[in-house]
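Asks: Below are the structure tokens for one structure; questions will follow.
The values are calculated or read from the model by the stated rules, or taken from the named source; none is laboratory data. Computed from a predicted structure; not experimentally measured. In this analysis, Cβ positions are derived from the backbone assuming ideal geometry, glycine residues included, and neighbour counts consider all displayed protein chains.
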Amino acid sequence: MALLSIVLPAYNEKQNIANTADVLSKLLSENEIDYEMVFISDGSRDGTYEEIVKASEENPRIKGAEFSRNFGKEAGIFAGLELATGDAVIVMDCDLQHPPSAIPEMWRLWQNGAEVVEGIKSSRGRESLGYKLSAGLFYKIMSKLIKMDMSASSDFKLLDRKVVDVLLALPERNTFFRALSFWAGFRTESVPYEVQERQFGESKWSFWSLMKYAVSNATSFSTLPLQLVTVMGLVSILFSVVLAIQTMVRFLMGNSVEGFTTVILLILIIGGFLMLSLGIIGHYIARIYEEVKGRPKYIISRVTDNIQGEIIGSWRKK
Ligand code: UDP
Ligand code: MG
């Protein structure tokens, strides 16, 4: 019988673990799906891992691991993918904002041959205005840069074992899970779902963390910002040619511009462009530096007893 793994990254989600484990195990047994759950506590400081251990003692199909510190949701997802043993893997939030009711449909599509099943948001649920605006901007920029429509996509998806192995074999550190499944291709189906309201705890994303996420993902998936530097250069060259001609003509006619105003303005504008360009290039150099160092995506500090093998530390499946 085929095994379904469910990967659930959790950061300070103490109140959610037991409930989520209950809801999922009930649903999956009702649908006669053979399953395992992999909770990854992302360096939580509220006893999330202890909750996972408790759940795992009650239900041996529940596994869990703890990171040595907070490595971020991407790292959590990838650790879950590495620890999962199923023939198909579903990644979902552990706050049940991704409705478990979509799982049987995803599973059915997978059984009918789909290799990737994307969860597509049909409504974004209730979010604050600030969050909506920043998330909207984020997806606009991302979709433009990646040339894929990301506005409705999410981290809620099912991946076939083949796809999981492809993603795990990628050597890069700065991953963007949501877009990588698009990038990987494969036979893709989608399931629409409505984002549910969070029952316990609160969202871990602030405006700034979302912006940081946007910038880091944009640069890890596209070199367009670098080309922007070239465009800025061209624009200022055009501008300077026009201005140079005008200045020369005025000089020859004997009525050149007086005062430093023009000089100051030019220095400011050019200086601004230069620094912005350097910043963009610097950002890519930072990315290269991070990749070259080759540090692991995450460090596992503890795992539940039902996970086999030596996996403490920066573990990678052989
Ligand atoms: N999460 C994580 N590490 C982090 C931040 C979040 O593993 O550093 C998990 C979190 O526990 C949840 C999921 O990622 O399961 C989505 O986070 P959240 O619900 O805060 O985001 P939102 O639903 O508001 O976008
Ligand atoms: Mg959430």
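Asks: Residues of segment 100-112 being more than 16 Å from Tyr35 (Cβ to Cβ) and either modelled with pLDDT under 90 or buried (at least 22 other Cβ atoms within 10 Å of the Cβ) (or both), which ones?
Replies: If the condition is that a residue be more than 16 Å from Tyr35 (Cβ to Cβ) and either modelled with pLDDT under 90 or buried (at least 22 other Cβ atoms within 10 Å of the Cβ) (or both), then no residue fits.
Asks: Residues that are in contact (Cβ under 8 Å) with a residue 60 or more places away in the chain: find the helices (runs of 4 or more DSSP H) completely inside segment 148-264 holding 3 or more of those.
Replies: In segment 148-264, 161-169, 177-184, 207-221 are the helices (runs of 4 or more DSSP H) which contain 3 or more residues that are in contact (Cβ under 8 Å) with a residue 60 or more places away in the chain.
Asks: Filtering segment 81-108 down to residues that are within 16 Å of ligand 2 (Cβ to nearest atom) and part of a helix (DSSP H, G or I), which residue is farthest from Asp46 (Cα to Cα)?
Replies: It comes out as Ala102.
Asks: Can I ask one more? If you go through segment 44-92, how many residues are out of contact with any Asp or Glu (no Cβ under 9 Å at 6 or more places or on another chain), buried (at least 23 other Cβ atoms within 10 Å of the Cβ) and either of a type in the set (A, V, I, L, M) or farther than 19 Å from Lys297 by Cβ (or both)?
Replies: Residues flagged as out of contact with any Asp or Glu (no Cβ under 9 Å at 6 or more places or on another chain), buried (at least 23 other Cβ atoms within 10 Å of the Cβ) and either of a type in the set (A, V, I, L, M) or farther than 19 Å from Lys297 by Cβ (or both) within segment 44-92 amount to 3.
Asks: Still on this structure, I have one more. Starting from residues that are under 12 Å from the mean Cα position of the chain (by Cα) and of a type in the set (S, T, N, Q), keep the ones in segment 190-224 and report whichever is nearest to ligand 1 (Cβ to nearest atom).
Replies: Across segment 190-224, the extreme among qualifying residues is Ser209.
Asks: Something else: Would you mind stating whether Asn19 is within 16 Å of ligand 2 (Cβ to nearest atom), of a type outside the set (Lys, Arg), out of contact with any strand residue (DSSP E or B) (no Cβ under 6 Å at 6 or more places or on another chain) and on the phi < 0 side of the Ramachandran plot?
Replies: yes
Asks: Now a separate question. Given the criteria more than 30 Å from Arg295 (Cα to Cα), modelled with pLDDT under 90, over 20 Å from the mean Cα position of the chain (by Cα) and away from ligand 2 (no atom under 16 Å from the Cβ), does Lys54 qualify?
Replies: Yes.
Asks: Find the residue count for segment 35-51, including only residues that are within 19 Å of Glu82 (Cα to Cα) and at pLDDT 90 or above.
Replies: Qualifying residue count for the region: 9.
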